[in-house]
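The values are calculated or read from the model by the stated rules, or taken from the named source; none is laboratory data. All values derive from a computational prediction rather than experimental measurement. Virtual Cβ from ideal backbone geometry, glycine too; neighbours counted across all protein chains shown. To get the accessible areas, we keep the full protein, side chains included, count just its heavy atoms, and leave off ligands, DNA and RNA. Shrake-Rupley method; radii C 1.70, N 1.55, O 1.52, S 1.80 Å.
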Amino acid sequence: MIEIICGVKGKGKTKELLDKVNKSVTAASGSVVYLDKSQKHMYELNNKVRLINVMDYPISNCDEFLGFICGIVSQDNDLEEMYLDSFLTIASLTTEEEIVKAIEKLDIISEKYKVRFVLSISKDKADLPECAKAKVIIAL
């Protein structure tokens, strides 16, 4: 399952994402991972959440990012949820085609390995590709 929190920059998507991850980790029986573009939110996350700064790794395109995600999923059989803040930035997505491809691949990974993905995307809901609009849970 993929859920999307969307809205233009500065609308509060990260705060919503942090609230959501901190609430869900208390009920989760498995692992929860939070991917971000910096360590900035380290102290706002519950200590049971694993924070990964994607910028620490040499990821420069969508395929490399998806491989990175698969690596995280493969090393943790108890992984339940992944929260991806600044999704377009950390996944190196620039075109609508890349966004569609990434979401389709994440859907496949989610179904096969039973991992829930929650993404924050800095776009207005109206500007999202059709495949993403149905997955929006919060539009700011």
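Some points to look at:
- Taken about its Cα centre, the stretch 48-140 carries a charge dipole of roughly 280 debye when the Cβ of each Lys and Arg holds +1 and the Cβ of each Asp and Glu holds -1.
- Long pairs among K23/K125; K37/K105; K23/K123; K15/K40; K11/K48; K40/K133, criterion Cα-Cα beyond 18 Å: K23/K125; K37/K105; K23/K123; K11/K48; K40/K133
- Equivalent-ellipsoid semi-axes of the chain, from the Cα gyration tensor, Å, largest first: 20, 18, 15
- Gap separating the Cα centres of the stretch 39-74 and the stretch 1-29, nearest whole Å: 15
- The stretch 86-140, accessible surface, carbon-and-sulfur percent (1.4 angstrom probe): 50
- Of every Cα-Cα pair in the stretch 1-63, the percent that sits beyond 13 Å: 69
- At an R0 of 41 angstrom, the distance between the Cβ atoms of K125 and N77 translates into a FRET efficiency of 0.75.
- Largest to smallest in accessible area, the residues R50, R116 fall in the order R50, R116 (1.4 Å probe, all protein chains included).
- Using a probe of 1.4 Å on the protein chains alone, the accessible area found for C131 is around 50 Å².
- Solvent-accessible ranking of V115, V8, largest area first, probe 1.4 Å: V8, V115
- Whole-Hz couplings from phi, Karplus 6.51/-1.76/1.60, listed for the stretch 96-105; x for Gly and Pro: 4, 4, 5, 5, 4, 4, 4, 5, 4, 5
- In the chain, helices alone account for a calculated mean residue ellipticity at 222 nm of -11500 deg cm²/dmol, with every DSSP H run of four or more residues adding -39,500 (n - 2.57).
- Antiparallel DSSP beta bridges within the chain, percent to nearest 5: 0
- T94 sits with roughly 120 Å² accessible to a 1.4 Å probe, with DNA, RNA and ligands left out of the calculation.
- Rg/Rh ratio calculated on Cα atoms of the stretch 60-140 (Kirkwood radius): 0.94
- Solvent-accessible area per residue, Å², over the stretch 35-140 with all protein chains present [probe radius 1.4 Å]: 54
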